[in-house]
């Protein structure tokens, strides 16, 4: 059965591409009901870090209900740099007297979002179906990831509490048109020899408080935070419009490039 699917799915994709080439002008609308905001953050740790010369990249996808969206359907185009207000912003910064260079790529602070054309949505849905069969994806929405909740097995939570104090912290804001909203989120890391802590926090102010003395406010309901995980998915309800994720990595990274995937999804009203 799987062999047949592997043959049929590429064939379906080819038919969709040919159909788009011939009749693409008829399918420029989007069947997707929410806006998509994608960007990445690249962090180069300097020699003060134990993880040097390691680098971190955060790949972020934020799917949200944009009340000001007037797009019937358009595709993501990373070559058009004019649409990003903070394109390739390269800044030297410090955390706990340790320096790092942060490079934001295609970050627009929720000012730019996109929706897939019908043909793009069809192709992405086929790709997502393959990932479901392979077990690498747990959700049937091609733009909203769900990861299994996997605790770190390399060391226990007590050790994580100790080493995370000198780790690197990153704030990931949400996008919303509401004062209060609810978000699904998923985080995973490609290095199984380490783990992350993640918290839904009311605003970026909590990042500064965390860096000062590790005393900060976060949403404490189940599903709003996780510690010492390799991957995690949760739902956090009734969060404020300035809120976002605080993702903390310990300073024990061994890979030349540690990849952190983050999926944020503003829940639709029933």
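The values are calculated or read from the model by the stated rules, or taken from the named source; none is laboratory data. Small disclaimer: the values here were computed from a predicted structure and weren't measured. For neighbour counting, all protein chains shown are included, and Cβ atoms are generated from backbone atoms with ideal geometry for every residue, glycine included.
For the range 128-141, give me each residue that is modelled with pLDDT of 70 or more and surrounded by 14 or more Cβ atoms within 10 Å (Cβ to Cβ). Correct list: 141 only.
Could you tell me whether the range 248-264 includes any residue that is within 29 Å of residue 99 (Cβ to Cβ) and out of contact with any strand residue (DSSP E or B) (no Cβ under 9 Å at 6 or more places or on another chain)?
Quick first cut of the range 248-264, residues within 29 Å of residue 99 (Cβ to Cβ) only: 248-262, 264.
Still in the list and also out of contact with any strand residue (DSSP E or B) (no Cβ under 9 Å at 6 or more places or on another chain): 252, 254.
Yes: one or more hits.
Checking each residue in the range 222-240 for being outside any strand (DSSP E or B) and in contact with a strand residue (DSSP E or B) (Cβ under 7 Å, 6 or more places away or on another chain) picks out 223, 224.
Test residue 254 against the criterion of being farther than 22 Å from residue 36 by Cβ and over 17 Å from the mean Cα position of the chain (by Cα), and give yes or no.
Considered against the rule, which asks whether it is farther than 22 Å from residue 36 by Cβ and over 17 Å from the mean Cα position of the chain (by Cα), residue 254 comes out as yes.
The residue that is surrounded by the fewest Cβ atoms within 10 Å (Cβ to Cβ), counting only those in the range 226-249 that are under 24 Å from residue 179 (Cβ atoms) and more than 15 Å from the chain's Cα centre (by Cα), is 238. Looking at this structure, is residue 218 closer than 29 Å to residue 66 by Cα and either loosely packed, with under 14 Cβ neighbours inside 10 Å or out of contact with any helix residue (DSSP H, G or I) (no Cβ under 8 Å at 6 or more places or on another chain) (or both)? The answer is no for residue 218.
Scanning the range 247-270 for residues that are under 27 Å from residue 142 (Cβ atoms) and either modelled with pLDDT of 95 or more or in a strand (DSSP E or B) (or both) turns up 247, 257, 258, 259, 260, 261, 262, 263, 264, 265, 266. When the residues of the range 185-218 are narrowed to those that are free of Cβ contacts under 8 Å to residues at least 24 places away in the same chain and part of a loop (DSSP other than H, G, I, E, B), which ends up farthest from the chain's Cα centre (by Cα)? Of everything passing the filter in the range 185-218, 215 is farthest from the chain's Cα centre (by Cα).
Rundown of residues vs (1) within 27 Å of residue 256 (Cβ to Cβ); (2) in contact with a strand residue (DSSP E or B) (Cβ under 7 Å, 6 or more places away or on another chain), yes/no style:
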{"residue": "151", "(1), (2)": "yes, yes"}
{"residue": "167", "(1), (2)": "yes, yes"}
{"residue": "180", "(1), (2)": "no, yes"}
{"residue": "190", "(1), (2)": "yes, yes"}
{"residue": "193", "(1), (2)": "yes, no"}
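Comparison of 171, 216 shows that the only residue that is touching a strand residue (DSSP E or B) at 6+ places or on another chain (Cβ under 8 Å) and under 26 Å from residue 143 (Cβ atoms) is 171.
Modelled with pLDDT under 55 and buried (at least 18 other Cβ atoms within 10 Å of the Cβ): is that true of residue 41 in this structure? It is false that residue 41 is modelled with pLDDT under 55 and buried (at least 18 other Cβ atoms within 10 Å of the Cβ).
For every residue, the table says whether it meets (1) under 11 Å from residue 229 (Cα atoms); (2) modelled with pLDDT under 95; (3) touching a helix residue (DSSP H, G or I) at 6+ places or on another chain (Cβ under 6 Å).
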| residue | (1), (2), (3) |
| --- | --- |
| 160 | yes, no, no |
| 173 | no, no, no |
| 192 | yes, yes, no |
| 198 | yes, no, no |
